[in-house]
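See structure below.
The values are calculated or read from the model by the stated rules, or taken from the named source; none is laboratory data. All figures in this text were calculated on a predicted structure; none of them were measured in a lab. Positions of Cβ are backbone-derived with ideal geometry, glycine not excepted, and every protein chain shown enters the neighbour counts.
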């Protein structure tokens with residue numbers, strides 16, 4: 001059997017006090033000190049843990065919030081002294097897009113590397129904005145492997161980045177003019193640069209190891225290149241340098257070691273590509289297209305240029321069109337680009353990478369269903385290090401989560417765990433869809449269910465037109 | 001469709017009528033409604049009364065409160081813990097018994113319980129949980145003065161945005177006794193028994209292992225009282241359920257745990273579980289912690305090893321295979337009806353028609369937001385469509401294919417109360433399967449901790465010896481009977497307001513519904 005892609009993981013507990021959703025309020029003054037104290041009966045043993053937690057406290061502001069919310073103690077206390085409360089710290093995590101739930105589940109995955117599993121049915125809203133306005137499909141009968149969850153190792157998540165010619169011409173048995181270079185990575189994910197304000201100096205040495213260990217590629221801004229550390233040679237195949245308009249051409253050694261490089265979509269893209277290919281003809285060049293109001297048109301226009309082989313479509317951190325009041329969402333923008341390229345028969349001439357707003361493993365699957373070949377992520381890896389997206393660092397203040405002080409093992413472990421958990425979840429939904437390789441997931445809207453379509457096909461027929469849209 | 005089997009009629013003629021009577025005398029459970037008070041010392045209430053130090057212990061509040069919230073026991077100086085859960089809240093102001101106003105020392109204060117913020121979720125709102133508890137306690141819909149908003153959840157779509165368009169007065173005046181809520185399950189006219197259940201719902205499959213023995217027996221007992229069914233789930237069919245065989249559906253799921261010819265012969269309905277709404281396309285999950293020695297014995301597996309059922313049936317890759325599967329069951333038990341439980345993919349309509357042609361009596365759609373003992377979060381949220389869409393699609397397609405009246409369409413996956421049940425029927429289902437509602441009646445508050453460790457801290461979805469002893473079968477079955485009764489009262493009331501004599505008249509009457517997010521101006525909506 002060939003080697004299967006497998007990410008080695010181990011549990012990495014958090015450095016910081018855990019921030020749970022629910023805490024216990026305990027009015028001790030009326031306690032009867034009865035012998036059948038409900039605290040001893042806590043199924044999850046939280047009270048005993050709390051005691052030992054308090055003993056080991058180093059900061060006085062840390063509160064224990066790990067109640068599982070079963071209400072058993074509240075309802076059984078002889079004197080009714082206990083109550084549960086929502087943790088205000090939890091509710092302040094993240095923002096409206098990166099919700100407390102997203103941050104909490106990211107932390108759990110970064111700690112355990114496991115797929116989050118829980119009991120009871122789905123608890124959330126019927127549908128929502130962005131990625132929540134679609135579902136992935138399943139197949140009752142068509143299976144990728146005939147083995148369901150046990151056959152998951154046969155599901156391929158590998159993708160190729162680069163141009164895939166629709167037609168080959170042969171010259172004496174060999175493809176005429178050779179084949180365009182391709183970069184293959186074992187899962188459809190690339191680590192993008194962190195948003196400017198979040199680029200703490202100690203993160204790049206961690207990220208480069210994560211990229212190498214998981215086999216994916218990390219994009220590093222040429223301006224930050226020095227921060228990635230020395231001994232970069234062995235990491236070059238898993239690194240891609242980003243060159244903005246003003247960046248000088250990197251040295252030959254760097255470019256020959258790398259497989260992928262990214263450039264900005266300024267007017268000089270064509271010249272840049274030529275220069276880069278001159279040094280290393282085997283390198284794949286991606287053009288980063290910021291998805292502002294003209295993003296879709298620019299992307300489609302670039303795709304028509306023979307020198308463009310990869311487009312990296314980037315929305316803002318929340319997946320929105322950049323600088324727009326009523327922004328379109330990344331999944332819809334990528335879908336437009338994808339559809340337009342399919343219609344003009346150009347789809348395989350370019351690889352589409354899509355980033356911005358990819359916050360959960362499901363977003364990776366959904367973004368690919370909407371037409372991307374692979375996704376790029378950044379903030380989830382930062383959240384894996386217990387970041388709460390408080391943005392203090394953006395304002396130049398010190399990081400309350402002390403991310404500047406992490407050690408390499410912790411950082412690498414947490415990020416690797418998260419990527420492993422995402423990989424497993426991708427396989428989970430692909431298994432359910434009956435799709436055996438992620439290359440075939442791309443743009444496969446037949447395996448996706450869109451809120452608008454379903455509403456129109458069902459309620460729309462019965463109840464007329466939908467309001468407010 | 002031509003059957004490969006000997007025609008049913010011929011077989012039936014050759015067998016004695018008593019064939020359905022099993023060896024074990026079947027349990028009889030009377031449909032008696034009696035109070036089943038909550039089992040916890042401190043009940044969670046929507047409104048709570050706080051007593052300040054200004055209280056002079058005069059006892060006036062205890063005297064005036066008709067609900068008995070304040071407890072001052074004779075011979076005691078101080079108040080005992082108040083019965084907060086019977087307090088009707090601000091609605092009391094107009095009754096002349098409002099203790100907050102009447103307290104001579106102004107020592108009482110009423111506040112909305114701050115714990116409501118951590119109870120429940122978008123789909124099961126705190127009000128819905130409390131109302132379900134109240135129904136399970138009393139056997140009747142909660143009195144309006146409690147102010148529970150329990151007819152809908154807060155998910156912002158589907159059932160939660162659909163309302164009935166009740167006429168100002170019923171077109172025909174009917175008394176509740178005139179209204180028939182029964183549901184015929186066999187429409188194939190194939191000589192198999194005409195099974196009729198008294199209410200248009202039955203209990204969802206919950207395996208031994210995912211839930212306790214006590215929970216299963218409580219559900220079964222309530223099913224007998226309402227002449228409906230419960231379902232074993234995929235974890236085997238325990239001997240203790242023998243007295244309930246006539247009201248039990250046994251599941252043949254992909255794991256085939258504990259499935260034998262004898263277990264299939266015991267029942268009147270066999271259910272093929274192709275998929276489950278909470279984890280469509282993945283197969284059952286029972287995590288290691290919950291595979292206790294007794295569960296492992298029942299499932300013939302190893303203690304402490306996670307059980308992930310395969311997906312799908314390895315023997316079924318086409319409708320023809322599906323038919324072969326059905327024929328196999330029909331052959332083993334010649335008097336059973338067969339149900340196919342499927343999930344809701346985009347081609348759910350084709351799946352339903354396929355099930356009909358394969359010979360199913362019941363096609364059971366389990367929508368994407370269905371309940372579970374353990375499922376990956378990514379599956380629960382994202383895979384397959386919500387049941388509301390699926391009912392409309394399937395009902396419509398079966399109608400167009402001309403087979404709608406030859407198969408029973410059952411819906412499940414997020415149906416929480418009588419209103420959801422009625423809406424599902426109005427959208428096109430014949431009946432529904434309920435699951436979480438029953439568990440809430442038993443004291444579940446959806447803390448979602450059923451999947452691992454010792455299991456459910458509230459003793460429902462666990463096989464932990466200590467935890468599952470938190471309530472008895474007697475109490476549990478009474479709670480579910482009460483809940484069923486309350487639902488039936490509400491369903492009858494809905495039918496009465498529409499002037500319908502039978503629940504079957506409601507099926508597919510989308511013209512009686514409106515959707516709050518739509519213009520509701522289509523021809524049929526008018």
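Listing for the model above:
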quantity: Residue within region B:193-203 that is within 22 Å of residue B:449 (Cα to Cα) and at pLDDT 95 or above present; calculated: yes
quantity: Flag if residue A:11 is in a loop (DSSP other than H, G, I, E, B) and either out of contact with any strand residue (DSSP E or B) (no Cβ under 9 Å at 6 or more places or on another chain) or within 13 Å of chain B (Cβ to nearest Cβ) (or both); calculated: yes
quantity: Checklist (1) in contact with a strand residue (DSSP E or B) (Cβ under 7 Å, 6 or more places away or on another chain); (2) farther than 21 Å from residue B:446 by Cα applied to residue B:114, failing item; calculated: (2)
quantity: Residues of region B:270-291 satisfying the condition of being more than 29 Å from residue B:348 (Cβ to Cβ) and either buried (at least 19 other Cβ atoms within 10 Å of the Cβ) or in contact with a strand residue (DSSP E or B) (Cβ under 9 Å, 6 or more places away or on another chain) (or both); calculated: B:288, B:290, B:291
quantity: Out of A:281, A:306, A:327, sole residue that is in contact with a strand residue (DSSP E or B) (Cβ under 8 Å, 6 or more places away or on another chain) and not in a helix (DSSP H, G or I); calculated: A:327
quantity: Subset tally (residues that are within 35 Å of the chain's Cα centre (by Cα), over 21 Å from residue A:415 (Cβ atoms) and free of Cβ contacts under 8 Å to residues at least 40 places away in the same chain) for region A:1-46; calculated: 7
quantity: Flag for residue A:243 being more than 30 Å from residue A:8 (Cβ to Cβ) and in contact with a helix residue (DSSP H, G or I) (Cβ under 8 Å, 6 or more places away or on another chain); calculated: yes
quantity: Qualifying residue in region A:120-129 (condition: more than 7 Å from every other protein chain (Cβ to nearest Cβ) and farther than 21 Å from residue A:331 by Cα); calculated: no
quantity: Residues that are under 30 Å from residue A:114 (Cβ atoms) and more than 7 Å from chain A (Cβ to nearest Cβ), drawn from region B:349-387; calculated: B:366, B:367, B:387
quantity: Selection within region B:101-124 - over 25 Å from residue A:77 (Cβ atoms) and either within 14 Å of chain A (Cβ to nearest Cβ) or assigned to a helix (DSSP H, G or I) (or both); calculated: B:101, B:102, B:122, B:123
quantity: Single residue of region B:128-155 satisfying the filter (in a helix (DSSP H, G or I) and at pLDDT below 95) that is surrounded by the fewest Cβ atoms within 10 Å (Cβ to Cβ); calculated: B:144
quantity: Counted residues, region A:198-237 - those being farther than 13 Å from residue A:412 by Cβ and assigned to a helix (DSSP H, G or I); calculated: 12
quantity: Selection from region B:270-283 of residues that are assigned to a loop (DSSP other than H, G, I, E, B) and more than 10 Å from chain A (Cβ to nearest Cβ); calculated: B:276
quantity: Region B:391-414, subset touching a residue at least 40 places away in the same chain (Cβ under 8 Å) and within 29 Å of residue B:135 (Cα to Cα), residue surrounded by the fewest Cβ atoms within 10 Å (Cβ to Cβ); calculated: B:408
quantity: For residue B:134: the one exception among (1) more than 19 Å from the chain's Cα centre (by Cα); (2) closer than 28 Å to residue B:422 by Cβ; calculated: (1)
quantity: Wholly enclosed helices (runs of 4 or more DSSP H) of region A:364-469 bearing at least 2 residues out of contact with any helix residue (DSSP H, G or I) (no Cβ under 6 Å at 6 or more places or on another chain), surrounded by 24 or more Cβ atoms within 10 Å (Cβ to Cβ) and at pLDDT below 95; calculated: A:408-433
quantity: Evaluation of residue B:445 against (1) at pLDDT 95 or above; (2) within 20 Å of residue B:151 (Cβ to Cβ) (one fails), failing number; calculated: (1)
quantity: 3 or more residues in contact with a strand residue (DSSP E or B) (Cβ under 7 Å, 6 or more places away or on another chain): qualifying helices (runs of 4 or more DSSP H) within region B:316-394; calculated: B:319-332, B:348-358
quantity: Scan of region B:305-315 for residues that are within 8 Å of chain A (Cβ to nearest Cβ) and within 29 Å of the chain's Cα centre (by Cα), ordered by number; calculated: B:308, B:309, B:310, B:311, B:312
quantity: Some residue of region B:471-483 being without any contact (Cβ under 8 Å) to a residue 60 or more places away in the chain, more than 9 Å from every other protein chain (Cβ to nearest Cβ) and in a loop (DSSP other than H, G, I, E, B); calculated: no
quantity: Neighbours by Cβ (under 6 Å, 6+ apart or cross-chain): first from region A:439-464, more than 8 Å from every other protein chain (Cβ to nearest Cβ); second surrounded by fewer than 21 Cβ atoms within 10 Å (Cβ to Cβ) and in a helix (DSSP H, G or I); calculated: A:451/A:133
quantity: Neighbours by Cβ (under 7 Å, 6+ apart or cross-chain): first from region B:513-526, over 19 Å from residue B:494 (Cα atoms); second part of a loop (DSSP other than H, G, I, E, B) and at pLDDT 90 or above; calculated: B:518/A:464; B:518/A:465; B:519/A:464; B:519/A:465; B:520/A:464; B:521/A:464; B:522/A:464
quantity: Residue check, residue B:487 part of a helix (DSSP H, G or I) and surrounded by 23 or more Cβ atoms within 10 Å (Cβ to Cβ); calculated: yes
